[in-house]
Amino acid sequence: MRNVPARAYVFMAFSLAAAFLWPLKPDILLPYIILDPTAWFFCIGMMALSLSRFYGLRQAVPAPESYIFLYALGLYFFEHHLPFKVPALDARLLSFDYSFGFFEMTVGRVYRQSALAGAILGLTYNSLMLAVTLLYLALPGTPARRRFTAAVVLAAITILPLYGICPGAGPKYLLGDRFPWWTPDLAQSRASIVASAMHAIPNGMNAIPSGHFAWSLLLFWFARKHCAGAVAAAAGIFMTLTCLATLGTGEHYIVDLVVSVPFAAGIWALVHWRWRYAGISMAVVLLWLVALREGWALAIPPVLAWVLTGMTVAPFALYRAGRGLPSPRRRDADGFPERIHGHAVDVAEQALLKSPAS
């Protein structure tokens, strides 16, 4: 182990305090509940970042531990202390899932009935921040880590106003104790099915698009581009399990995941300076949200809903999986890209990549 700067011990003390002292006195700042799994995964991620300082890893941004800490506080405030309540449009989101046979009920029953499946999907859902941290540490070099950090933060900020366009809470909040045991009669009209199933009109606005699934997509895309096969494969497995976990826990509808694909693609394009592609991606997201909010999407027959879903998911996923973005470029002595399409790297990007970090 190399000479360790004093700030490494300071950050480690901060992370250990968050992990062991804060949950024992949850009323101090209270984003955590004692033994809450999400809280512990947040803390483990902070400790992993602090530990990396002892091995000479150059952080891509100043004090990345604080990003996790502040996100935990912001998440708790968003979920429990918003100064206003937004009536959710869950009935419309569930109605659209009529076209998919309410598949979230099937996944939810597996989640509840199988101890193994429940444990795996539950851990996957709660460990998202730890997965983000581990991929950050696995990325080769400061430029990739800085771009990844920008994508994660940008997704967390950009998704908030989108929640307000088509507010949703999730099927377990709409159906109550009937989730996931509710068995709809698909021979009936979608309106009569949903009306008979509703437990309450929930207040909530963090369902569509799914932040969990969008982040897991970004994890996979960054791992596939920058990391070895094992890391990319692990990220792909995590993405798949996250998709199932969001449905099994009752936090999301299928349409939430559909809209997450162009949203994640738009974030990817923004941090890679692909403005036209980012604009198209976000326009598709807005079109879906408005169509669901106004009820236009509910008039679409199931076959057309499948077609539109394929047209939404496939172009963005295949574009990213193929060669839609430039392949890895030549780099200078410091490891920074030299040229893009025969031109020098934009001055703003060069400044972003080479800005100092602790």
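The values are calculated or read from the model by the stated rules, or taken from the named source; none is laboratory data. Keep in mind the model is a prediction, meaning the values are calculated, not measured. Please note: Cβ atoms are built from the backbone with ideal geometry, for glycine as well, and neighbour counts cover all protein chains shown.
Below is a table of values for the structure above.
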{"item": "Sole residue being at pLDDT below 65 and not small (G, A, S), chosen from L94, L24, L16, L51", "result": "L24"}
{"item": "Residues that are at pLDDT below 70 and in contact with a Pro (Cβ under 9 Å, 6 or more places away or on another chain), drawn from region 191-223", "result": "I193, V194, S196, A197, I201, P202, N203, G204, M205"}
{"item": "Helices (runs of 4 or more DSSP H) (entirely within region 204-282) containing at least 2 residues that are among the β-branched types (V, I, T)", "result": "229-248, 254-271"}
{"item": "Residue identified as of a type outside the set (K, R) and surrounded by fewer than 23 Cβ atoms within 10 Å (Cβ to Cβ) among A264, A305, A269", "result": "A305"}
{"item": "Yes/no for F41 being closer than 30 Å to V255 by Cβ, in a helix (DSSP H, G or I), modelled with pLDDT under 75 and not polar (S, T, N, Q)", "result": "no"}
{"item": "Leading residue by the ranking (surrounded by the most Cβ atoms within 10 Å (Cβ to Cβ)) among those in region 280-294 that are touching a helix residue (DSSP H, G or I) at 6+ places or on another chain (Cβ under 8 Å) and small (G, A, S)", "result": "S281"}
{"item": "Hey, A297 under 19 Å from A91 (Cα atoms), over 19 Å from the mean Cα position of the chain (by Cα) and crowded, with 19+ Cβ neighbours inside 10 Å or not", "result": "yes"}
